[in-house]
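Everything below concerns the one structure shown next.
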Amino acid sequence: MYLPTGDIPSGSISASDFNSTKFPGICKPTNFDALDKFKEMQRQLNRIAQVKRMTMIAVDGDIGPSTLRLVQSTGPYMMVPHVGVDPASCSFVAMNALVIAAQAKSAADAAGVPAKISQPRPSSPPSIVTPSGAIVPQKTSIFDAFENMSTPMMLVLGAAVVGGAYYFTRKNGK
């Protein structure tokens, strides 16, 4: 696999960081650190998908068929030769999520894609699977709603808040 010359995120991913048996064909993270790394990979892949006019995926941290298709279709833009490996395997993608994310980020940056873009929302909150098989959702905050907003969307929202504040705090001229 081609290694980018840029920064590769710190840390590593091992087979214990994901479960590929609870949901066949899907590698689900087993800890929140792996969940964050998988979500970052999906965000970066979506940046390439946007510039190449491909279908984007929900950023949920689950490496399933949609993520695998996007890895395969964006591979040529990231200069990722898949010689001797199986890019159709969720285990391969999970184990290489940091490298794939770094390559996708580098390719998207080179193409001039903004760091924040609008991305599809997941159908359910991102979650992990524990060794006992329990599903634990990632804790969310009010600010998570803004995570997938593009800059123009944030500007429109900001203008609406300022306009609303002005409207409700101005003195009535009558």
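Here are the numbers for this structure:
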item	result
Cα gyration tensor shape for the range 15-141, rounded if a/c is under 1.5, else prolate or oblate	oblate
Sites residue 32 and residue 167, calculated FRET efficiency, Cβ-Cβ separation with R0 35 Å, nearest 0.05	0.30
Estimated dipole of the range 15-141 in Debye, rounded to 20 [Cβ of Lys and Arg +1, of Asp and Glu -1, Cα centre]	380
Under 5 Å, built H, 5+ apart or other chain: amide partners of residue 18	30
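Any read-out appearing in this document is the output of simple, stated calculations on the displayed coordinates, not a laboratory observation. On a predicted model such as this, the values are computed, not experimentally measured, just so you know. A quick note on method: Cβ atoms are made from the backbone with ideal geometry, for glycine too, and the neighbour counts reach across all protein chains shown.
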